[in-house]
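Report on the following structure.
The values are calculated or read from the model by the stated rules, or taken from the named source; none is laboratory data. Fair warning: this is a prediction, and the values are worked out from it, not measured in the lab. All Cβ positions, glycine included, derive from the backbone under ideal geometry; neighbour counts span all protein chains shown. Note: accessible area is taken over every heavy atom of the protein model, side chains too, but ligands, DNA and RNA are not part of it. Shrake-Rupley method; radii C 1.70, N 1.55, O 1.52, S 1.80 Å.
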Amino acid sequence: MTFSKLVQYFEKLEGTSSRLILIDILAELFKETTTDEIAQVSYLLQGRIAPFYEPLEIGMSEKLVAAAVARAYSLEREQVLKEYGKVGDLGKVAQKLLSLRKQGSKRQKSESELDSRIRGNDEGMTVNEVFETLRRIAQTTGEGTVEKKVSALAGLLGKVDGVGAKHLVRIPLGVSRLGIGDPTILDAFAKLKLGDKSKRKLLEGAYNKVSDLGLIGETLWKEGLKGVEKLDVTVGRPIRSELCERITDPKTILKKYGGEAHTQYKYDGFRVQIHYRHDGNQVRLFSRNLEETTPMFPDIVEAVKKQIKANSVILDSEALAFNPESEEFLPFQETTKRRRKYNIEEMQRKFPLKAFVFDIMYLNGKSLMDMPLKERINNLEKVISGEEVLIPQPGEMVKDPERLQQLFDDAISRGLEGVVTKRPDSKYEAGRRNFNWIKLKRHSSGELKDTIDCVILGYIFGRGKRAAFGAGALLVGVYDDKKDEFVTVSKIGTGLTDEEWREIHKRADKIKVDHKPARVNSILTPSVWIAPEIVIEVLADEITKSPVHTAGASTSSASGQKTPGYALRFPRLVKFRGADKQAEDATTVKELIEMYKQQFKK
Ligand code: ATP
C-alpha cells in the first residue's frame, strides 16, 4: 500500500464524528492491507512506530520537526515556527506551506518542470518504506544525531504530498489526531476477518495477554483466529493488568466468594509489572498502563537480579517509597516523585523503593495465568528469596467477616489504603475488572467518598472573572469500555485554582479539535471540544440519574424507551492524574453504576 493511500484513509478517519463509521472506514482500510503491512498500519494509526510498550520514540522536538519542514520546502525555520504560532498544529502548517510553495513554483515554471520533491510525488513510497525510515530516525544515536534526524525527516517530507505531510509531521510530535482506541481497531479487525464487530471478544483475550495490536493483526492475517487464540504471555511483553471492583463491607465480600477470601494489604504506590530472564540477566519493568519504566527504578532492577531464584518470571507488584531513617512507608505524593526521567540516582537515595509482590503470572517458561490464585501464591513464595526490596505478599485466607474487618483496620492503622480481597480459585484475568479482585478502601465504607477518574472532553468559555482564563467549566466523562466510547457525566467548575484554570486552558488548547471526536458520545456541546486525553480525579457527593448526561444512558431498540444516564452531584477536582492513567484507564460506566447502587446499601 502506498503511504498516500494510507493518509487518504487518515483524512476520512479524522473527519468523522461517528464511531460506527470509524469502524467501517478502518475495515475498508484493512481490506486493502496485506499481511506484511498490517502491523505497521496498526501502529501508524495510533501515531506510533512500535507497540505502545516499546519505548521507541522518534526523539524530535517541535523545533526539530519545524527545522525539517523548513528544509524540505527551502524555508527558514523561524517562518515555520511563526506559522505554527498562528495555526497551532505543525501538521497543518506543513500542508499549508507546501501548497503555497506549489502555487509559487507554478507561477514560475510549468508543472512538468517542477521538482518532484515540491510536486509531492509520492506514488512510489510505500507504507513500509515510510515506517522503516521513521524507525531509523528513532534509532539514530551518537554524533550528529540532530542533523541526521532533521535531514531524514526532511527527506521523507520531500516525497509526500500536502495531506501526507500533515499526518507525517504529527507522528514524531505524538499528536496524531485520529483518536482511535485499541478496542475500535479490534472491532474493525473482527468486522473484516470474523464477519462481525461483536466478535472482538474473541480477539480480546489474546490482546490482553500480549498488549500488541500489530502482533494480533499480523497473526490474524497469517493464521486466522486459531493462531490468535494461541498467542500467550511471554517475558518482555507486558500483560494488561487485572483490576479491582469495589465492595463496601466484609460480609458481602465473603458471601460473594462462597465464604473464603484471599486477603492482602492494599499499598498505595504505583504498579510495577516485573519481567525477568536469568539468561542474559534481563529485567524489564512496566507500569499500570504498560509503559516501560525500567530506567526509572534501578533499585528494583538490581533487587530482581539478586532476589529472584528462577530462570524466568513475570510478577505483579506495587512499589512504594520507604524512608530508611524512620522505616516508614511514604504517602503516594512522595512515592510518585520516583516516577521521573531525570535525577534518578538522587531520588533513589532519598526515596528507596520496596516492591510488594502480590502475584506471579509466568514461571520458568510456562504461563501461570490459568492456575488458581492459591497455587500461584505458593509459587510466588518459592521464587523470591529474602525481603530486602522485593517483599512477597502471601496474604491470608479469611473466612470470618470480623477477621477481615480486623485486617482492614490494621491496614489503615499502618497508614495503608485498606485491603484487596481475591477469589482464591480465580485465574489471572488480564485486562479485566471484575469481582475476582475487590478493594476494600477506607473511603468506600460509607457514602460516596471514593474518587472517580474522569476524562476532560471539552470546556465551556469562562464568564466574569474567569473570562480571562479562557475556560470556565469542564465537560468531563467516563469510559464505556464495551463500546470504546467516552460518555459525559458532569460539568465541573470548582476545585481549580486560578493557576490551574490557566494551565488547563493551555493544555486543552493544544489538543482541541474542530468537531466532536468520534469516540465521544454527548448530548451537551461545549464551547471547545478536545481530544479525550487528560484524566482528572474528581470527588463528588453523590451519583444521581440525569437525562442530560450519556454515562449509562440507553435507548431500547424494541420500545424506543430512553433510560437516563448518571451524573455527579457537587463534583470538584481533586488532582490531575499523571502519566499512570490514559483516557481508557478512567473510571468505567460499569464501575459508576456499581458505585451508584452501593450508595443505597448503607
Ligand atoms: P485502578 O483500579 O483503575 O488501578 P486506582 O489507580 O484508583 O484504580 P485502586 O482502584 O484504588 O487504584 O486500586 C487498585 C490498585 O491497587 C491496583 O492497580 C494496584 O496498583 C494497587 N494494589 C496495591 N496493593 C495491591 C494488592 N495486594 N493486590 C492488587 N493490587 C494492589
### Task
Please specify each residue of the stretch 375-424 satisfying the condition of being within 16 Å of the ligand (Cβ to nearest atom) and on the phi > 0 side of the Ramachandran plot.
G395, G415, G418
### Query
Can you tell me which residues in the stretch 283-330 are out of contact with any Ser or Thr (no Cβ under 8 Å at 6 or more places or on another chain) and among the acidic types (D, E)?
E291, E292, D299, E302, E318, E325, E327, E328
### Summary
Those strands (runs of 3 or more DSSP E) completely within the stretch 520-592 that have 1 or more residues that are under 24 Å from L243 (Cβ atoms) are 535-539, 542-546, 565-569, 572-576
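To keep it simple, each residue is scored yes or no on (1) over 26 Å from the mean Cα position of the chain (by Cα); (2) away from the ligand (no atom under 15 Å from the Cβ); (3) at pLDDT 70 or above; (4) surrounded by fewer than 18 Cβ atoms within 10 Å (Cβ to Cβ).
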position: L440; (1), (2), (3), (4): no, no, yes, no
position: L448; (1), (2), (3), (4): yes, no, no, no
position: V455; (1), (2), (3), (4): no, no, yes, no
position: F461; (1), (2), (3), (4): yes, yes, yes, yes
position: A467; (1), (2), (3), (4): yes, yes, no, yes
position: G472; (1), (2), (3), (4): yes, yes, yes, no
### Query
Can G217 be described as closer than 22 Å to M369 by Cα and either more than 16 Å from the ligand (Cβ to nearest atom) or open to solvent by less than 40 Å² (accessible area, probe 1.4 Å) (or both)?
no
### Query
Which of the residues spanning the stretch 419-436 are surrounded by fewer than 23 Cβ atoms within 10 Å (Cβ to Cβ) and part of a strand (DSSP E or B)?
R433, N434, F435, N436
### Task
Confirm whether E542 is within 16 Å of the ligand (Cβ to nearest atom) and either at pLDDT below 90 or hydrophobic (A, V, I, L, M, F, W, C) (or both).
no
### Summary
When the stretch 486-504 is checked residue by residue, the ones that are buried (at least 21 other Cβ atoms within 10 Å of the Cβ) and in contact with a helix residue (DSSP H, G or I) (Cβ under 9 Å, 6 or more places away or on another chain) are F486, V487, V489, L496, W501, I504
### Query
Only one of (1) in contact with a strand residue (DSSP E or B) (Cβ under 7 Å, 6 or more places away or on another chain); (2) away from the ligand (no atom under 15 Å from the Cβ); (3) not acidic (D, E) fails for R246. Which number is that?
(2)
### Task
Would you mention how many residues in the stretch 569-581 are closer than 14 Å to I452 by Cα and within 16 Å of the ligand (Cβ to nearest atom)?
6
### Query
Across the stretch 302-319, which residue is nearest to the ligand (Cβ to nearest atom) among those that are open to solvent by less than 30 Å² (accessible area, probe 1.4 Å) and in contact with a helix residue (DSSP H, G or I) (Cβ under 7 Å, 6 or more places away or on another chain)?
A319
### Query
Between a first residue in the stretch 117-146 that is of a type in the set (A, V, I, L, M) and open to solvent by less than 30 Å² (accessible area, probe 1.4 Å) and a second residue that is at pLDDT below 70 and part of a helix (DSSP H, G or I), which pairs have beta carbons less than 9 Å apart while being 6 or more apart in sequence or on different chains?
I118/S105
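Yes/no matrix, rows are residues, columns are (1) over 20 Å from Y267 (Cα atoms); (2) free of Cβ contacts under 8 Å to residues at least 12 places away in the same chain; (3) open to solvent by 80 Å² or more (accessible area, probe 1.4 Å); (4) assigned by TED's automatic domain parsing to the domain that holds K305:
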residue: Y342; (1), (2), (3), (4): yes, yes, yes, yes
residue: P352; (1), (2), (3), (4): no, no, no, yes
residue: Y362; (1), (2), (3), (4): yes, no, no, yes
residue: S367; (1), (2), (3), (4): yes, no, no, yes
residue: L373; (1), (2), (3), (4): no, no, no, yes
residue: E388; (1), (2), (3), (4): no, no, yes, yes
residue: Q393; (1), (2), (3), (4): no, no, no, yes
residue: K399; (1), (2), (3), (4): yes, no, yes, yes
### Residue, nearest to T252 (Cα to Cα), within the stretch 586-601, restricted to residues that are surrounded by fewer than 18 Cβ atoms within 10 Å (Cβ to Cβ) and within 13 Å of the ligand (Cβ to nearest atom)
E594
### Query
Counting only residues that are of a type in the set (S, T, Y) and open to solvent by 10 Å² or more (accessible area, probe 1.4 Å), which one in the stretch 59-102 is farthest from the chain's Cα centre (by Cα)?
S74
### Message
Can you find, within the stretch 288-301, the residue that is least open to solvent (accessible area, probe 1.4 Å) among those that are in contact (Cβ under 8 Å) with a residue 24 or more places away in the chain and in a helix (DSSP H, G or I)?
### Response
I300
### Summary
Flagged pairs (Cβ under 6 angstrom, 6 or more apart or on separate chains; first in the stretch 175-200, without any contact (Cβ under 8 Å) to a residue 40 or more places away in the chain and open to solvent by 40 Å² or more (accessible area, probe 1.4 Å); second of a type in the set (F, W, Y) and in a helix (DSSP H, G or I)) are none
### Summary
In the stretch 251-282, anything away from the ligand (no atom under 15 Å from the Cβ), touching a Ser or Thr at 6+ places or on another chain (Cβ under 7 Å) and open to solvent by 20 Å² or more (accessible area, probe 1.4 Å) is listed as R277, H278
